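Read through the structure below, which is laid out as structure tokens, and then see the notes.
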Amino acid sequence: MKLSDIYDVNIILATDAKFGISLSGVIPWNISEDMQYFRVTTSTHGEDKQNILLMGRKTWEYMGRKSVLNGGRRILVITTHPERLPEGVLGARTVEEVGSILASLKDIHRVWVCGGRDIYNLFLSRGDYRMIYWNKIDADFGCDNRVFLMETAFICESSEFVVDKKTGKMVELLYYKTPVE
Ligand SMILES: NC(=O)c1ccc[n+]([C@@H]2O[C@H](COP(=O)([O-])OP(=O)(O)OC[C@H]3O[C@@H](n4cnc5c(N)ncnc54)[C@H](OP(=O)(O)O)[C@@H]3O)[C@@H](O)[C@H]2O)c1
């Protein structure tokens, strides 16, 4: 059973031009427009419902081990050690456990698969999503952690030139989306 048969499960990611998502455990760019897009897209916008941000343990640590986010968002971490998570952060060892936790929660609006690589690959290989929201930063950041996507399956909805605060360079940010075939 796919979670996306029951819930509005979507994948959201930002990559560089070579599908890189991080370098040495860190995202090697700092683009306000991309962060704002993530925050706005994954929030519930005042509806009386919650969104679940599903992520691997390293991504959760990278985010600063936040247990509470604004915008009606709740974190569910996939880890082999959910007992190590602090109170308020949900944890699951498997997709089946994710399903059990979601079933125990009320008023779920959307589930956002937020990475990293193994979690993206898990949901991509299961075909367990309704849409992919992919922001492509059209430059090579030399990433050592990549997720491969079939670029031709995506529709580019818009693009803009933005400044990467880490390098000070201007880069093109392209907003792609795809439905499941
Ligand atoms: N560009 C983007 O859009 C984007 C998105 C997300 C993350 N990132 C970046 O990517 C980096 C981290 O990503 P990552 O790929 O290295 O790691 P990750 O997927 O976030 O976390 C890996 C950890 O997740 C747990 N895990 C993964 N698959 C599992 C499974 N099948 N069953 C049980 N547990 C599982 C394990 O945790 P335990 O070791 O606790 O068992 C594993 O060590 C960070 O720099 C982050 O900021 C970038």
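Just so you know, all these numbers are worked out from the coordinates, no wet-lab data involved. All values reported here derive from a predicted model rather than from experimental measurement. Cβ sites come from the backbone with ideal geometry, for glycine too, and all protein chains shown count toward neighbours.
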Centre separation in Å (Cα based) which lies between region 75-116 and region 39-64: 11 Å
Cut-off under 5 Å, modelled amide H: who pairs with residue 146 long-range: 21
Dipole of region 3-179, positive end: most advanced residue of 150, 60, 44 [Cβ charges, Cα centre]: 60
Semi-axes of the equivalent ellipsoid for the chain, Cα gyration tensor, largest first, Å: 26, 18, 16
Among 48, 164, 128, residue whose mean-square fluctuation peaks in a GNM of the chain (springs only between Cα atoms under 10 Å): 48
Amide H contacts under 5 Å for residue 50, placed H, 5+ residues apart: 108, 109
Fluctuation leader among 135, 70, 51 - the chain, Gaussian network, Cα springs under 10 angstrom: 70
In Hz, Karplus ³J(HN,Hα) per residue of region 158-165 (6.51, -1.76, 1.60; θ = phi - 60°; x = Gly, Pro): 6, 8, 7, 8, 9, 9, 8, 5
Long-range amide H partners of residue 75 with built H, under 5 Å: 53, 90
Cα lying deepest toward the dipole's positive end in region 1-156, options 7, 19, 80, charges on Cβ: 80
Among 42, 79, 167, residue whose mean-square fluctuation peaks in a GNM of the chain (springs only between Cα atoms under 10 Å): 167
